[in-house]
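The values are calculated or read from the model by the stated rules, or taken from the named source; none is laboratory data. All values derive from a computational prediction rather than experimental measurement. Here the Cβ positions follow ideal geometry from the backbone for every residue, glycine too, while neighbour counts run over all protein chains shown.
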Amino acid sequence: MTPSPSGFTVDRSSSPVASDIRISLDTNVPPSASAVRQGGGSTTISPHSDIHLAGLCEDNSLANPMPEWVVEGPFEKIEYTGNILEIQTSSMELEHGEQVFFSMKCTDAHGANASWTQIVTVDSAPPTFSISFQASVGTGLWNDIQPDSNTIPLPSGTVLRSVIEAYDQEGDPVRIYLESNRSGGFTRTGTDVLEITEAFYHGQSTNGPHRDPDDRHSQREPTNWFFSVDVQDSVGNNVVGNWTIVVLDDEGPVIVPEIMLSGVPVESSTRLVAGQEIQLNISGSYDRIDALDTTLWTIVFDGNYVHEMTPYSDISDPISLGEAHPGNHVIRIVSWDPSGHESVLEVPIEIEPAEGVIFSSSPTIEVSGDIGLNNPLVITASINNEGSGSGSARLCSGAICSPEGIIVPATSTGPAVSRISLAITPDSVGDLDLKLIWFQLPGGDEETIDLTGNITVRDNLPDWIPPTFVSMAIVALSYAAIRRWGDSPDQ
Ligand SMILES: [Ca+2]
Ligand SMILES: [Ca+2]
Ligand SMILES: [Ca+2]
């Protein structure tokens with residue numbers, strides 16, 4: 001059997017059997033009609049672009065009818081037969097609000113038909129949008145911002161929240177596109193409403209740790225970031241808004257301290273050992289915007305002012321803080337930029353004692369008793385050990401010596417004071433022979449510190465009083481008075 005649109009032919013000779021041929025027929029089914037407009041999806045068209053339509057008529061599997069198009073609008077009626085319809089609407093100067101009617105008809109061989117229609121409106125009007133800005137400086141509290149111009153000044157680190165609401169009078173969804181070049185840039189897109197929350201910081205063009213220490217000291221321009229909004233309706237009519245975010249300098253200099261011992265920088269993990277010159281290098285510091293030479297610096301080491309509001313240009317780097325003594329110390333650094341923004345940094349440093357027994361000063365001598373011939377005295381030598389070693393010491397006058405006393409080692413909390421006392425009754429006038437004999441433990445060589453001359457014994461006659469004696473006597477008398485009567489009223 002050979003089919004054709006208008007009937008069929010039965011070839012009996014190709015069926016070599018002797019029987020009846022039965023054929024069943026059914027009623028005709030009308031075709032179906034569908035069409036797709038390129039870039040369609042809404043009921044609006046742009047006056048500036050052409051129209052492409054792809055139509056499809058589906059009937060039985062034998063033959064699909066050809067789509068028949070009719071297009072009407074503010075132009076001469078267009079009729080066309082074919083699957084693809086193209087209309088050069090871009091050259092027709094269509095006006096906003098004008099309408100175009102499309103219809104496509106499918107008719108099969110039996111005259112049964114179906115059609116597809118669409119009405120579109122010309123849209124040349126861009127959407128509108130509103131934008132609001134709020135800022136928070138890390139506090140969680142939001143302040144409304146109403147930029148006078150399109151410039152938004154913000155302190156570095158401010159979080160900016162912006163809500164954009166867009167509307168198109170044709171009722172189509174509006175695409176919102178937001179772009180900024182902040183730190184590598186970001187883009188956001190949304191439909192009808194877009195909310196963004198982003199923080200803005202100083203950029204790479206300002207001073208910062210990304211620059212070499214030598215390159216951080218110049219004056220810089222504040223960073224500008226652009227913030228652009230493009231709002232588009234479904235046919236591409238758009239409106240844009242541009243803002244500039246200027247990052248303000250509202251902070252003092254960034255203090256970058258480096259501790260050095262005798263000219264050698266030390267890592268924070270390095271043990272600092274007493275005995276060397278301790279130095280502070282602040283040349284790695286910077287201000288984000290201001291030239292470092294315009295900043296002021298106060299440096300306080302253990303309460304002593306090394307610099308007080310000194311211009312950076314007058315500070316020679318590194319700053320000497322003197323010889324390092326064992327113990328806990330604090331370097332307090334305060335700095336101001338020319339706008340008065342202040343930064344404070346306290347650098348605690350712990351200096352460990354050097355090895356061995358180290359006397360930072362000669363022993364101090366105290367005397368208890370009247371320094372006269374044949375008067376019993378107790379002489380006490382205080383020794384200040386800055387070393388981590390311990391030792392043994394005795395105080396001798398001639399052949400008379402005190403018992404051995406321990407020289408206590410210093411620790412990282414500071415030097416250790418040891419006291420050695422000798423009880424003696426001088427039997428001659430003049431300078432009292434006095435020696436501190438000590439050795440380091442274990443097994444160090446004996447060493448002697450001559451303290452003769454610190455005490456002068458008088459002949460109990462006030463005809464000749466050496467100056468040293470006067471001060472000794474005052475110390476001794478005050479000491480005796482405090483011991484006897486106390487220094488508080490209830491004793
Ligand atoms: Ca049909
Ligand atoms: Ca529109
Ligand atoms: Ca500053």
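Worth pointing out:
- Residue check, ILE131 in a strand (DSSP E or B), free of Cβ contacts under 8 Å to residues at least 12 places away in the same chain and of a type in the set (Val, Ile, Thr): no
- Considered as a group, the residues in the stretch 104-124 that are within 10 Å of ligand 1 (Cβ to nearest atom) and in a loop (DSSP other than H, G, I, E, B) include one that is farthest from ARG37 (Cα to Cα), and that residue is HIS110.
- Residue in the stretch 235-258 that is of a type in the set (A, V, I, L, M), within 16 Å of ligand 2 (Cβ to nearest atom), farther than 17 Å from VAL344 by Cα and buried (at least 18 other Cβ atoms within 10 Å of the Cβ) present: yes
- Some residue of the stretch 18-27 being surrounded by 12 or more Cβ atoms within 10 Å (Cβ to Cβ) and either out of contact with any strand residue (DSSP E or B) (no Cβ under 7 Å at 6 or more places or on another chain) or modelled with pLDDT of 85 or more (or both): no
- Of GLY97, GLY82, GLY73, all but one fail to be free of Cβ contacts under 8 Å to residues at least 40 places away in the same chain, over 30 Å from GLU198 (Cα atoms) and within 16 Å of ligand 2 (Cβ to nearest atom); the exception is GLY97.
- All conditions in (1) within 16 Å of ligand 2 (Cβ to nearest atom); (2) surrounded by 19 or more Cβ atoms within 10 Å (Cβ to Cβ) hold for ILE289, with the sole exception of (1).
- Residue that is nearest to ligand 3 (Cβ to nearest atom) [pool: residues in the stretch 160-193 that are surrounded by fewer than 16 Cβ atoms within 10 Å (Cβ to Cβ) and not in a strand (DSSP E or B)]: SER183
- Single condition THR139 does not satisfy, out of (1) among the polar types (S, T, N, Q); (2) more than 16 Å from ligand 2 (Cβ to nearest atom); (3) in a strand (DSSP E or B): (3)
- Residue list for the stretch 376-411, filter: part of a loop (DSSP other than H, G, I, E, B), among the polar types (S, T, N, Q) and touching a Lys or Arg at 6+ places or on another chain (Cβ under 9 Å): SER402
- Qualifying residue in the stretch 86-98 (condition: over 26 Å from ASP123 (Cβ atoms), modelled with pLDDT of 90 or more and surrounded by 13 or more Cβ atoms within 10 Å (Cβ to Cβ)): no
- With respect to (1) out of contact with any helix residue (DSSP H, G or I) (no Cβ under 6 Å at 6 or more places or on another chain); (2) of a type outside the set (S, T, N, Q); (3) assigned by TED's automatic domain parsing to the domain that holds PHE101, the lone exception for ASP50 is condition (1).
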